[in-house]
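For reference, the structure is listed below as structure tokens.
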Amino acid sequence: MSLTEKQKHDLKKFIKELELYRGSHTELVSVYIPAGYDINKVINQLEQEKGTATNIKSTSTRKNVIAALERMTQHLRLFKQTPENGLAAFSGNVAEREGQEDFKVWSIEPAQPIKTRIYRCDKEFQLDILREMLEVRDVYGLVVMDRRDAIIALLRGKTILPLLKTHSHVPGKQKAGGQSAQRFARLREGAAKDHYKKVGEYMKEQFLTMNYLKGIIVGGPGPTKYDFVDGNYITNEVKKKIIAIKDLSYTEEFGLQELVDKSQDVLADEEIAEEKKIMGKFFEILSTQPGKVSYGEAEVMQNLKNGVVDILLLSEALDEIKIEEFEKEAKKVSTEVRIISTETREGVQLREIGKVAAILRYEVS
């Protein structure tokens with residue numbers, strides 16, 4: 001399951017805070033409890049580790065490790081059982097100067113299940129497992145083509161990544177003087193088949209062994225895409241990965257964007273579709289019922305404080321402090337918050353109209 005933009009934002013903020021801290025010695029404690037694992041077993045292990053820590057030679061390190069473990073076990077006892085997706089907890093003396101004390105404990109219940117059990121003391125908190133949750137692994141292959149051109153790309157999250165372009169040698173429709181219609185037609189057909197074979201080979205090179213490929217979507221104007229997919233130009237292993245074929249008006253880069261736009265049914269579970277859907281709803285209401293939306297920091301904040309906002313749309317380009325201010329106000333009035341990336345056209349539009357927008361519960365004048 002992919003993280004929502006809001007979940008990503010919260011996790012990034014959590015990681016960023018913990019990255020600031022460094023221990024003087026190996027005295028910062030990180031604990032990961034997997035989903036379904038008995039939290040009491042972890043508490044018992046940490047109690048035993050306190051006994052082991054008495055053997056640490058350095059007085060200050062020994063003191064800091066034992067105190068960090070004590071605060072960690074106190075914190076874990078607040079949980080009756082391990083949360084559904086597991087728990088990541090961190091504890092330690094984060095005072096800026098050696099010899100001072102400032103013990104803190106953090107924990108997070110991630111949106112994705114933790115699968116690894118870890119207990120570690122180090123000079124920094126172990127955050128790699130949380131960082132991996134931010135990585136977008138699943139990708140879709142995109143192929144846009146007609147008889148003359150083809151472009152192959154990846155859709156990773158909300159980002160389209162072009163991989164390669166190819167151009168055919170199919171002659172134009174105007175035949176050279178002296179050529180018979182039949183011979184010219186044969187030349188065009190032969191060149192088209194060579195083009196299809198080349199595109200099929202490129203698809204094999206790019207997609208056959210690609211990790212995390214969820215499927216391939218093919219699109220293009222006219223019947224060419226069907227001739228290509230139905231012919232013997234794509235290896236069976238690659239053809240099995242094709243999950244949709246879409247009619248398009250464009251080719252090349254415009255065609256890629258159109259292909260993504262027209263594949264919302266296929267991408268329904270993907271974050272890009274959700275983001276486009278909610279922003280599309282905002283712009284549709286803006287054009288038909290402008291009194292039921294608002295945008296711009298001051299106007300939206302006023303509507304938020306008045307309890308009028310149903311869905312709050314915040315651009316990831318907005319200053320972190322302001323995001324927190326809006327989230328705080330939204331929580332007071334049970335307003336849904338969506339963090340919108342700048343990786344889609346709709347996300348860029350939100351950034352350009354002031355980075356903050358809202359769909360309201362009812363029309364306001």
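Structure notes:
- So VAL105, is it modelled with pLDDT under 95, assigned by TED's automatic domain parsing to the domain that holds GLN48 and surrounded by 13 or more Cβ atoms within 10 Å (Cβ to Cβ): no
- Pairs with Cβ under 7 Å, 6+ apart, first in the range 317-339 and touching a residue at least 12 places away in the same chain (Cβ under 8 Å), second of a type in the set (Lys, Arg) and in a helix (DSSP H, G or I): ALA317/ARG351; GLU329/LYS305; VAL337/LYS6; ARG338/LYS6; ILE339/LYS6
- The set of residues in the range 218-244 that are touching a helix residue (DSSP H, G or I) at 6+ places or on another chain (Cβ under 6 Å) and either part of a helix (DSSP H, G or I) or closer than 24 Å to THR344 by Cα (or both) comprises VAL218, GLY219, PHE228, VAL238.
- In the range 135-186, the residue that is modelled with the highest pLDDT out of those that are touching a strand residue (DSSP E or B) at 6+ places or on another chain (Cβ under 8 Å) and not in a strand (DSSP E or B) is ASP146.
- Qualifying residue in the range 260-272 (condition: polar (S, T, N, Q), assigned by TED's automatic domain parsing to the domain that holds VAL144, touching a helix residue (DSSP H, G or I) at 6+ places or on another chain (Cβ under 7 Å) and surrounded by fewer than 19 Cβ atoms within 10 Å (Cβ to Cβ)): yes
- Test: residue in the range 53-72 that is out of contact with any Gly (no Cβ under 6 Å at 6 or more places or on another chain), touching a residue at least 40 places away in the same chain (Cβ under 8 Å), outside any helix (DSSP H, G or I) and not acidic (Asp, Glu): no
- Taking the criterion of being surrounded by fewer than 18 Cβ atoms within 10 Å (Cβ to Cβ) and either of a type outside the set (A, V, I, L, M, F, W, C) or in contact with an Asp or Glu (Cβ under 9 Å, 6 or more places away or on another chain) (or both), the residues of the range 296-305 that qualify are GLY296, GLU297, GLU299, GLN302, LYS305.
- Close pairs (7 angstrom Cβ cut-off, 6 or more residues apart or separate chains): in the same structural domain as LYS240 (by TED's automatic domain parsing) and free of Cβ contacts under 8 Å to residues at least 60 places away in the same chain in the range 204-223, surrounded by 14 or more Cβ atoms within 10 Å (Cβ to Cβ) and of a type in the set (A, V, I, L, M) anywhere: LYS204/VAL238; LEU208/VAL238
- Selection of the range 1-60 for residues being among the small types (Gly, Ala, Ser) and modelled with pLDDT under 95 yields SER2, GLY23, SER24, ALA35, GLY36, GLY51, ALA53, SER58, SER60.
- Test: residue in the range 26-33 that is surrounded by fewer than 20 Cβ atoms within 10 Å (Cβ to Cβ) and either outside the structural domain of PHE125 (by TED's automatic domain parsing) or outside any strand (DSSP E or B) (or both): yes
- The residues of the range 251-291 that are among the aromatic types (Phe, Trp, Tyr) and touching a residue at least 60 places away in the same chain (Cβ under 8 Å), listed by number, are PHE282, PHE283.
- Taking the listed residues LYS16, LYS41, LYS80, the one that is closer than 14 Å to ILE118 by Cα and surrounded by fewer than 15 Cβ atoms within 10 Å (Cβ to Cβ) is LYS41, with no other qualifying.
- Test result for ILE129, among the hydrophobic types (A, V, I, L, M, F, W, C) and either part of a loop (DSSP other than H, G, I, E, B) or under 27 Å from VAL65 (Cβ atoms) (or both): yes
- Here GLU49 fulfils each of the conditions (1) in contact (Cβ under 8 Å) with a residue 40 or more places away in the chain; (2) closer than 30 Å to ILE323 by Cβ apart from (2).
The values are calculated or read from the model by the stated rules, or taken from the named source; none is laboratory data. Quick caveat: nothing in here was measured; it's all calculated off a predicted structure. A quick note on method: Cβ atoms are made from the backbone with ideal geometry, for glycine too, and the neighbour counts reach across all protein chains shown.
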